[in-house]
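Heads up, the thing below is written out as structure tokens.
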Amino acid sequence: MARRIRVYAFGIILGCVMTYFFLRRGEHDFTFWLPEQRVLTEISDSLTYSESAECYLECYSIDKRSVLKIIKDGDVNFGKSSTKDKPKIYYVEGESISGKLFFLRAKMLPNHAEIVEIKLVDNPLQCDC
């Protein structure tokens with residue numbers, strides 16, 4: 001009976017140690033299977049910009065590196081996204097390289113994702129896009 005408990009305890013400890021090393025933050029990020037990360041990966045794989053998105057980028061003076069940062073590190077707000085429509089439109093919010101908070105809407109087309117809208121969160125500036 002004592003041998004069984006020792007073998008069981010050894011297995012539990014070994015499993016905990018392995019889990020710690022596999023799931024710790026650092027060189028490996030195992031969040032790729034979560035819905036938010038899957039959406040962001042799908043958007044970043046084949047990204048294009050609509051004419052209105054290009055206009056918003058110019059109007060708010062946001063560079064495309066900031067958009068890529070949002071797609072990499074941003075948060076998908078599924079409550080504001082249109083996931084039941086065809087094509088799906090995802091609402092992604094985050095912070096630019098310069099520290100501005102903004103959001104973008106990405107339309108998921110069959111072959112690529114298209115950014116259709118980019119707006120600053122705390123800015124009353126209106127663009128004619």
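Side notes on the structure shown:
- Of the numbered criteria (1) touching a Ser or Thr at 6+ places or on another chain (Cβ under 7 Å); (2) closer than 23 Å to residue 34 by Cβ, the one residue 129 fails is (2).
- Evaluation of residue 85 against the conditions (1) closer than 21 Å to residue 129 by Cα; (2) in a loop (DSSP other than H, G, I, E, B) shows that the sole unmet condition is (1).
- Going through (1) in a helix (DSSP H, G or I); (2) in contact with a strand residue (DSSP E or B) (Cβ under 8 Å, 6 or more places away or on another chain) one by one, residue 104 falls short only on (1).
- Cross-chain or 6+ apart pairs with Cβ under 6 Å, the stretch 84-111 first and farther than 15 Å from residue 65 by Cα and touching a residue at least 60 places away in the same chain (Cβ under 8 Å), then of a type outside the set (Phe, Trp, Tyr) and part of a loop (DSSP other than H, G, I, E, B): 108/87; 108/88
The numbers here are math on the coordinates, done by the rules we state, and not lab data. Remember, predicted model here, so these are calculated numbers, not experimental data. Reconstructed Cβ throughout: ideal geometry from the backbone, glycine too, with neighbour counts over all protein chains shown.
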